[in-house]
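Colleague: Got a structure for you, questions after.
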Number of protein chains: 2
Amino acid sequence: MKAVGIIAEFNPFHNGHRFILNHAKHKSQAEVLIVVMSGNFLQRGEPAIITKWQRTKAALAAGADLVIELPFVSAIESAENFALGAINLLHDFRCDTLCFGTEKGEALPYDELAAFYHQNEDSFNLIIKKKLENNIPYGIAVTQTWEELTASRWPTFDLRQPNILLGFHYALANHIGENPMELLPLNRIGANHNDATATDESFASGTAIRQLLLRGEKSDSYIPLSTQTLLEGTDLHSWEDYWPLLHYQLCIQSPENIAKLHNIVEGIEYRLIACAKKASSFAEWLSQVKTKRYTTNRIQRMALSILIQLTEDEFSYHQQHPYHHVLGMTKKGQAYLGHYKKVLRYPLISTFSKAPAGITNLDERATTLYQLPFNKLDDNDYTNGVIRV
Amino acid sequence: MKAVGIIAEFNPFHNGHRFILNHAKHKSQAEVLIVVMSGNFLQRGEPAIITKWQRTKAALAAGADLVIELPFVSAIESAENFALGAINLLHDFRCDTLCFGTEKGEALPYDELAAFYHQNEDSFNLIIKKKLENNIPYGIAVTQTWEELTASRWPTFDLRQPNILLGFHYALANHIGENPMELLPLNRIGANHNDATATDESFASGTAIRQLLLRGEKSDSYIPLSTQTLLEGTDLHSWEDYWPLLHYQLCIQSPENIAKLHNIVEGIEYRLIACAKKASSFAEWLSQVKTKRYTTNRIQRMALSILIQLTEDEFSYHQQHPYHHVLGMTKKGQAYLGHYKKVLRYPLISTFSKAPAGITNLDERATTLYQLPFNKLDDNDYTNGVIRV
C-alpha cells in the first residue's frame, strides 16, 4: 500500500489543513494518509487550544487514515529536533511520500538543498563557528551562513519563513534516513503561518483562528464543519490557564534547580525568576523576559520545561526511546498497521496501560498537566482508547 | 529589665490569648513581654488564617512588647523541634520566665517532669526502641512509655493533650539551656485547644473561631476588638487556597523527587501521589491519605514540604542558622532590644534586605508562597518593616 505522510499540529484543524490533506492524497496517489501529530503541547512551547483527541477526530474526519502522536520530546522542540523526531516515525512506517506546506512562492528544491548541505557540512560549520565566536546567537548565525552560501543560487530560500525552515529540516532528516521519502512540498494558500489576522474569505492562519476563538468570536468560515462541532462548548486552552502554576514554580524553585531543566541556558533562570515576581499574567511575564536573543518561542519552550519539570536526563532518555502512540485510525489505517506492525523498529502503542515500562511517562505527565487547570484528569491517555472511524 | 516570654501562633488572636498575655505580665511581674510567634505557616502544617503582620498588630494591641518570628523550620515542626526552636530564641533574649497555657486541670510540675526525663533518658529510649521493633509508630511509642513510667506519680500527665505535650517539650528544651527560664504554666480557660465548636460566651478555640470566620459567621464575641478590625475585609487563608498548587506539584514531580523532601518517609510519596490523582479538593485528598499512622498534622506537614519544596539539606541548613526577625515592638520592646542586642548569639534582623546572605531565604519563600494565591506578592518581608506602636 502506498502511503503519504504529513507532520502537523492542527491547532485547530482549519480549511488550510483540509486543502493540504486533499492535495497530499491526490498528488501522491497514495492509498493511505498517515499523520504524525503533536500531542497536547506544541512546537512554539504552548498548549494546543483543544485536546489531541479532539484534533485527531478532526483529522480523521478530513481524510487522515492513521494519526500517530509525536511524543513531547520532539513536539516541543525547535525545527531541527522536531523534524528529526517526526521524520523518524514516518520512516519507520515505510511512508513513500512526505507532503508539507511551504510559504507562498514557488516550492523550493528541498532535496537539492539537503544534499547541498550534507556535501558542504564542514564549511557550513566552520562559518557558523566563527559567527558564534563573534557572539552572534546560534539561530541567526545559521540563517546568515545559509544566506551567504545560497542567495545567488536559491534567492527565495529564506530560513526566516517558519515553513521553509521546517521543510528544510524535514528534507535534512529525510536525507539521512535509510529509505528517504519522496518530498512533496505544497504551496500554502491563503494566510501566512503567523498572520494574526484573517485576510481571506475561507483561509486564515492557526494564530488568527485561535485569537478569534479565545475572544469568543466567529471563526466558522475558516474551519470545516467537523472542527466547528468539536469546538462547541469545549475548553479552550491557552498559556494563561497555566500561568498560576508556572508562576508558582518560578517563585518556589531555586535558580539551581531551574538551571538543571531542559532548554534553560546561560543563566537565564535569574531573569525568568525575577520577571515572575513582578508579572501578573503570562503575557506580562513573556513581554518582560523577551529580548532579541530570547524569542517568544524560545522562552515559551523554557516555560514548558519548567512547568513540566523536564530535566536534561529525562529529555535524553525519551529522545532515545521513540514509540508510536496510535491516536486514531480508519479501517484502511488499521489494515496498513496490520501489514507493517511486525517490521516496526519502535513499539506500537494503542493503550498506555500496555506500554513498555517508562517510555510513556513523560507523555502521560504532559496530558495530566494539560488537563489540570480544567479539572479533567479523567480525560487521559488511559481512558481514551484509539479513535476508530 | 525582667522579661516574660510566650510562644504563640495567634491564629487568630482571641480572648483566650488576651487572658494569657494579661496573666503572664501580672503573675511574672515582668516589665517586658516577648512573644515568639510562628510566621505564615503553623505547627499543624497549615497556613495561618491571616498574615504574620496582622497577627503581630493584634499581639501588640493586647500588650506584647516585642514580637519575634519563629522561623519556618521550627514553626512547622512537631512539638519537640517546635519547642527547641522557640525556647532557643527566648534563651538568647535572656527571658526570665516562660509562660504557657496548658489544658484544664491543675498545672503540672513541668520542671520536675523534665528533670525526671533527663535522669531516665536511657531507660526511656530502651523501652521506646523495643516498641518500635514491635512496629508501634514513634509518637504512640513515646506516649505509651511515658504512661507506663509516670502514671502512678503524675496521673494527670497526659501527652495526648496537645498543650501538655507542648508544655512538656518547652520544659525539656528549657532544661538543657544555659540559663533556664522559670516556668509559669497557666490553666487555659474556656474551650479546649482543638474543640471545633464554641462552647463558652467569650472563649472559643482557635479551631472554632477559624471555622466561623471561613464560613463568614460572627465570631466577634470571642476575639478582641483589635483583631475584629484586622479581620474586616481581609483575605482568609486556608489549605484549599493552596490545593491547586499542591495538586499540580503532586501530579508533576516524580516519586523520587518527592521522597527527597523533608518529612517524607517510608514510601508515603506513592500514596500522596496516587490520592492526588483522584482528589478534587484538599479536604478530599487529606481524608484519602489519612491512616492511623499518618495523622492529619503529619500529612499536612508533608504537604507543606512538598508545596514549598523543602529538601532535607535546606531544612538542616536553616535549623542550624537561627535568627531573630523582629516583626513588631513597643517603645519598651525597643529599649529591651537596645539593651541586649550586643550579647545576642543569633543575628537580629529588622529588615530582610540587611540580613546575612542565605539565612532568610526559606522564610522569604514561605511568605511568597503564602501570598501567591491572593496575588499579594507586594506584601512581603521587604515591604513590611518592623511594626512599631
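The values are calculated or read from the model by the stated rules, or taken from the named source; none is laboratory data. The structure displayed is predicted, hence computed values, not measured ones. No Cβ is skipped: glycine too gets one built from the backbone with ideal geometry, and neighbour counts run over all protein chains shown. Calculation scope for accessible area: heavy atoms of the full protein, side chains included, ligands and nucleic acids excluded. Shrake-Rupley method; radii C 1.70, N 1.55, O 1.52, S 1.80 Å.
Colleague: How would chain B be classified by its alpha-carbon gyration tensor: rounded, prolate or oblate, with rounded meaning a/c under 1.5 and the a/b versus b/c comparison settling the rest?
Modeller: It comes out rounded by the Cα gyration axes.
Colleague: Within 12 Å, Cβ to Cβ, of B:E240, how many net charges do the neighbouring residues add up to if Lys/Arg are +1 and Asp/Glu are -1?
Modeller: Local charge sum for B:E240: -3.
Colleague: If a/c stays under 1.5 just call it rounded; otherwise compare a/b with b/c (prolate if a/b is bigger, oblate if not). Do that for the protein assembly as shown, with a ≥ b ≥ c from the square roots of the Cα gyration tensor eigenvalues.
Modeller: prolate
Colleague: Shortest first and in nm with one decimal, please list how far the B:Y346 label point sits from its counterparts in the other copies (point 7 Å along Cα→Cβ).
Modeller: Those label-point separations list as 5.5 nm.
Colleague: Also, I was wondering about something else. Do any residues of region B:355-389 show a loss of at least 40 square angstrom of accessible area between the isolated chain and the full protein assembly, using a 1.4 Å probe, and if so which?
Modeller: Buried by 40 Å² or more upon assembly, which counts only protein chains, are B:R365, B:L372, B:L377.
Colleague: Right, here's the next one. Report, largest value first, the span of the C-alpha coordinates of region A:110-155 along each principal axis, in whole Å.
Modeller: Cα spread of region A:110-155 along its principal axes, largest to smallest: 31, 21, 14 Å.
Colleague: If you don't mind, another one. What figure, in Å² to the nearest 10, do you get for the accessible area of A:I140 with a 1.4 Å probe and non-protein molecules left out?
Modeller: 80 Å²
Colleague: A follow-up question, please. Label position 7 Å from Cα toward Cβ: report the copy-to-copy distances for B:E256 in nm, one decimal, ordered from shortest.
Modeller: Here B:E256 shows inter-copy label distances of 1.9 nm.
Colleague: Taking the Cβ of B:T311 as the centre, find all other residues whose Cβ is under 14 Å away and add up their charges (Lys, Arg: +1; Asp, Glu: -1).
Modeller: -3
Colleague: Projected onto the charge dipole of chain B (+1 at Lys/Arg Cβ, -1 at Asp/Glu Cβ, origin at the Cα centre), which of B:W154, B:V343, B:P322 gives the Cα projection farthest towards the positive end?
Modeller: The residue sitting farthest along the positive end of the dipole is B:V343.
Colleague: Could you compute how much accessible surface A:R153 exposes when probed at 1.4 Å, giving the result in Å² to the nearest 10?
Modeller: Accessible area, nearest 10 Å²: 140 Å².
Colleague: Any lysines with Cα under 18 Å of the B:K278 Cα? List them, leaving off those in the same chain fewer than 8 positions away.
Modeller: A:K376, B:K290
Colleague: Over the whole of B:277-287, what's the average partner chain Cβ count within 10 Å per residue? Rounded to a whole number, please.
Modeller: Counting other chains' Cβ atoms within 10 Å and averaging over B:277-287 gives 1.
Colleague: Per residue, how large is the accessible surface of the protein assembly as shown? Use a 1.4 angstrom probe and give square angstrom.
Modeller: 43 Å²
Colleague: Right, something else. Using only C-alpha atoms and all pairs of different ones, pull out the Kirkwood radius for region A:239-315 in Å with one decimal.
Modeller: About 12.2 Å for region A:239-315.
Colleague: For chains A and B, what's the summed buried accessible area, probe 1.4 Å, to the nearest 100 square angstrom?
Modeller: By this definition, chains A and B bury close to 1600 Å².
Colleague: Explain nothing, just the number: relative contact order of region B:239-315, from Cα pairs under 8 Å at least 6 residues apart, as a whole percent.
Modeller: Relative contact order of region B:239-315: 41 percent.
Colleague: Can you list the lysines whose alpha carbon is less than 19 Å from that of A:K331, not counting same-chain residues fewer than 8 positions off?
Modeller: Candidates past the 8-residue exclusion: A:K2, A:K25, A:K57, A:K341, A:K342.
Colleague: Then there is this: Normalised by the number of residues in chain B, what is the relative contact order in percent for Cα pairs under 8 Å and 6+ residues apart?
Modeller: Relative contact order for chain B comes out at 23 percent.
Colleague: What number, rounded to the nearest 500 deg cm²/dmol, is the helix-based mean residue ellipticity at 222 nm of chain A, given -39500 (n - 2.57) per DSSP H run of at least four residues and division by all its residues?
Modeller: Estimated from H runs of four or more residues: -14500 deg cm²/dmol.
Colleague: Of the heavy-atom accessible surface of the protein assembly as shown (probe 1.4 angstrom), what whole percent is carbon and sulfur?
Modeller: Whole-percent figure for carbon plus sulfur exposure: 49.
Colleague: For the pair A:S152/A:E80, report the inter-label distance in nm, with labels modelled 7 Å from Cα in the Cβ direction.
Modeller: For the pair A:S152/A:E80, the computed spacing is 2.7 nm.
Colleague: How much of B:D241 can a 1.4 Å solvent probe reach, expressed as accessible area in Å² and rounded to 10?
Modeller: Per-residue accessible area (B:D241): approximately 50 Å².
Colleague: Let me ask something else. Which ³J(HN,Hα) values, rounded to whole Hz and listed in residue order, are derived for region B:274-286 from phi using the Karplus coefficients 6.51, -1.76 and 1.60 in 6.51 cos²θ - 1.76 cosθ + 1.60 with θ = phi - 60°, glycine and proline given as x?
Modeller: So the J values, rounded to whole Hz, are 4, 5, 5, 5, 9, 8, 10, 7, 5, 4, 5, 4, 4.
Colleague: Right, something else. Could you compute the net charge surrounding B:Y336? Neighbours are other residues with a C-beta less than 15 Å from the C-beta of B:Y336; K and R count +1, D and E count -1.
Modeller: So the environment of B:Y336 carries a net charge of +4.
Colleague: Which distances in nm, rounded to one decimal and ordered from shortest, link the label point of A:K130 to the equivalent label points in the other identical copies, with labels set 7 Å from Cα toward Cβ?
Modeller: The answer, with the shortest distance listed first, is 8.5 nm.
Colleague: Now for a separate question. Starting from the Cα gyration tensor of region A:53-107, take the square roots of the eigenvalues, sort them a ≥ b ≥ c, and report rounded, prolate or oblate (rounded when a/c is under 1.5, otherwise prolate if a/b is larger than b/c, else oblate).
Modeller: Since a/c stays below 1.5, the shape of region A:53-107 is classed as rounded.
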